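The values are calculated or read from the model by the stated rules, or taken from the named source; none is laboratory data. Only a predicted model underlies this, so the values are computations on that prediction, with no experimental measurement involved. No Cβ is skipped: glycine too gets one built from the backbone with ideal geometry, and neighbour counts run over all protein chains shown.
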Amino acid sequence: MWSAESVVVCALTLLGRSQAQFPPVQFVERPPAYVSRQAQAYIEEASDHIVLVTSTWAFTNARRSNFPCSDAEAIREIAGILAHEEWHMHHGADEEGAYEAQLTALAFVGADPDGPLYHKVKKAKLAVEQASKRTSRTGVVASTSGTRAHPP
């Protein structure tokens with residue numbers, strides 16, 4: 001089984017980046033109770049690092065592959081997640097921009113625009129946009145207790 005660090009290096013390499021060019025990444029097996037159970041990564045408020053959940057399908061498959069970086073679809077998914085969270089670190093909580101950054105990263109790393117991974121991210125983006133529209137119509141604002149957590 002490959003280390004969590006080696007999986008991130010694979011994803012960053014696919015993105016054409018190094019660890020020195022990217023925010024620090026912390027690993028957790030499961031997100032804490034105040035973060036969405038579907039979150040694959042998140043950022044704590046006032047934090048300088050990305051928290052990556054290691055029990056996800058993509059992360060588990062990438063770690064269990066026969067050779068480092070050999071599960072291309074899993075590494076692509078992790079690369080997209082890292083791009084999404086990095087966008088939040090630099091630009092704030094806006095999900096539309098973060099999902100656009102994730103979709104752009106997926107295209108860059110060779111994800112099929114008609115494939116299941118790209119479709120999954122587009123579906124998540126649409127769900128977040130629809131929830132945002134419902135919230136803006138009702139005037140209700142949700143709080144995540146100081147944490148920005150993002151589903152894939």
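Name every residue in region 1-33 that is among the aromatic types (Phe, Trp, Tyr) and either in contact with a strand residue (DSSP E or B) (Cβ under 9 Å, 6 or more places away or on another chain) or over 20 Å from SER70 (Cβ atoms) (or both), in order of residue number.
Passing the criteria: PHE22, PHE27.
Return the residues of region 52-88 that are acidic (Asp, Glu) and either touching a Pro at 6+ places or on another chain (Cβ under 7 Å) or part of a loop (DSSP other than H, G, I, E, B) (or both); say none if nothing qualifies. Working first, answer last.
Kept after step one, since they are acidic (Asp, Glu), are these residues of region 52-88: 71, 73, 77, 85-86.
Correct list: ASP71, GLU86.
Take GLU96 and tell me if it is out of contact with any helix residue (DSSP H, G or I) (no Cβ under 6 Å at 6 or more places or on another chain), surrounded by fewer than 19 Cβ atoms within 10 Å (Cβ to Cβ) and at pLDDT below 95.
Values: out of contact with any helix residue (DSSP H, G or I) (no Cβ under 6 Å at 6 or more places or on another chain): yes; surrounded by fewer than 19 Cβ atoms within 10 Å (Cβ to Cβ): yes; at pLDDT below 95: yes.
Criteria met by GLU96.
Yes/no per residue for (1) touching a residue at least 24 places away in the same chain (Cβ under 8 Å); (2) under 13 Å from the mean Cα position of the chain (by Cα):
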{"position": "VAL8", "(1), (2)": "yes, yes"}
{"position": "GLN21", "(1), (2)": "no, no"}
{"position": "VAL25", "(1), (2)": "yes, yes"}
{"position": "ALA33", "(1), (2)": "no, no"}
{"position": "GLU45", "(1), (2)": "yes, no"}
{"position": "MET89", "(1), (2)": "yes, yes"}
{"position": "ASP94", "(1), (2)": "no, no"}
{"position": "ALA105", "(1), (2)": "yes, yes"}
{"position": "PRO113", "(1), (2)": "no, no"}
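Restricting attention to region 47-87, report how many residues are surrounded by fewer than 22 Cβ atoms within 10 Å (Cβ to Cβ), more than 11 Å from the chain's Cα centre (by Cα) and of a type in the set (A, V, I, L, M, F, W, C).
Within region 47-87, residues that are surrounded by fewer than 22 Cβ atoms within 10 Å (Cβ to Cβ), more than 11 Å from the chain's Cα centre (by Cα) and of a type in the set (A, V, I, L, M, F, W, C) number 4.
Among the residues of region 32-46, count how many are surrounded by fewer than 20 Cβ atoms within 10 Å (Cβ to Cβ) and in contact with a Lys or Arg (Cβ under 9 Å, 6 or more places away or on another chain).
Selection size over region 32-46: 3.
Within region 1-16, which residues are surrounded by fewer than 16 Cβ atoms within 10 Å (Cβ to Cβ) and assigned to a loop (DSSP other than H, G, I, E, B)?
MET1, SER3, GLY16 - these are the residues of region 1-16 that are surrounded by fewer than 16 Cβ atoms within 10 Å (Cβ to Cβ) and assigned to a loop (DSSP other than H, G, I, E, B).
Output the residue which, of all residues in region 37-50 that are in contact with a Pro (Cβ under 6 Å, 6 or more places away or on another chain) and part of a loop (DSSP other than H, G, I, E, B), is farthest from GLY92 (Cα to Cα).
Narrowing region 37-50 to residues in contact with a Pro (Cβ under 6 Å, 6 or more places away or on another chain): 38-40, 49-50.
Applying the additional criterion that residues be part of a loop (DSSP other than H, G, I, E, B) yields 38-40, 49.
Numbers: GLN38: 20, ALA39: 17, GLN40: 18, HIS49: 14 Å.
Filtering first and then ranking leaves GLN38.
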